Amino acid sequence: MRASDLDATFAALADPTRRAILARLAHGEASVSELAAPFAMSLPAISKHLRVLQRAGLISRGRNAQQRPCRLEAAPLRAVAEFTEHYRRFWDESFDRLDDYLRELQADEKKPRRKH
């Protein structure tokens, strides 16, 4: 994935409304009015969010008679997961080292101290 695609995906995911829309679409396709229902915003405002998601490749819009149902496109999310995987490993290794250090400290505390 190109850096600009990753940037667009992160920008789209930065907004809580768009993340909620993606969460809803993870359960199946939905119309714009269905996606707008839980939000206190106008249909044009929801449409703007949908355009951001569509430009990032996170959703696609089909044709079904008079409606244009939206569906989740998960490929960009896989790219985000792959990007963040490196950092997850970094934190896992850091926490493992911290655990080792804390065990050493606890073991040192349990050792009897010599009097001089």
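In the stretch 56-80, what residues are modelled with pLDDT of 95 or more and among the charged types (D, E, K, R)?
Arg71, Glu73
Here's the yes/no breakdown for (1) part of a helix (DSSP H, G or I); (2) in contact (Cβ under 8 Å) with a residue 60 or more places away in the chain; (3) over 26 Å from Ala3 (Cβ atoms):
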| site | (1), (2), (3) |
| --- | --- |
| Pro38 | no, no, yes |
| Ile46 | yes, no, yes |
| Arg51 | yes, no, no |
| Phe83 | yes, yes, no |
| Tyr87 | yes, no, no |
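Looking at the structure I just gave you, is Glu34 in contact with a Cys (Cβ under 8 Å, 6 or more places away or on another chain) and of a type in the set (D, E, K, R)?
Taking the combined requirement at face value, the residue does not satisfy it.
Might you check whether a residue that is out of contact with any strand residue (DSSP E or B) (no Cβ under 9 Å at 6 or more places or on another chain), in a helix (DSSP H, G or I) and exposed (fewer than 14 other Cβ atoms within 10 Å of the Cβ) occurs anywhere in the stretch 68-79?
Yes - at least one qualifying residue is present in the stretch 68-79.
Here is a check on your reading of the model: is Arg97 basic (Lys, Arg), part of a helix (DSSP H, G or I), modelled with pLDDT under 90 and surrounded by fewer than 11 Cβ atoms within 10 Å (Cβ to Cβ)?
No.
Condition check ((1) touching a Lys or Arg at 6+ places or on another chain (Cβ under 8 Å); (2) farther than 16 Å from Val80 by Cα; (3) at pLDDT 95 or above; (4) not aliphatic (A, V, I, L, M)) across all residues:
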{"residue": "Arg2", "(1), (2), (3), (4)": "no, no, no, yes"}
{"residue": "Leu6", "(1), (2), (3), (4)": "no, no, no, no"}
{"residue": "Ala12", "(1), (2), (3), (4)": "yes, no, yes, no"}
{"residue": "Pro16", "(1), (2), (3), (4)": "no, yes, yes, yes"}
{"residue": "His27", "(1), (2), (3), (4)": "no, yes, yes, yes"}
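Which of the following residues is over 18 Å from the mean Cα position of the chain (by Cα), surrounded by 12 or more Cβ atoms within 10 Å (Cβ to Cβ) and not acidic (Asp, Glu): Arg18, Arg61, Arg55?
Arg61
The values are calculated or read from the model by the stated rules, or taken from the named source; none is laboratory data. Quick caveat: nothing in here was measured; it's all calculated off a predicted structure. In this analysis, Cβ positions are derived from the backbone assuming ideal geometry, glycine residues included, and neighbour counts consider all displayed protein chains.
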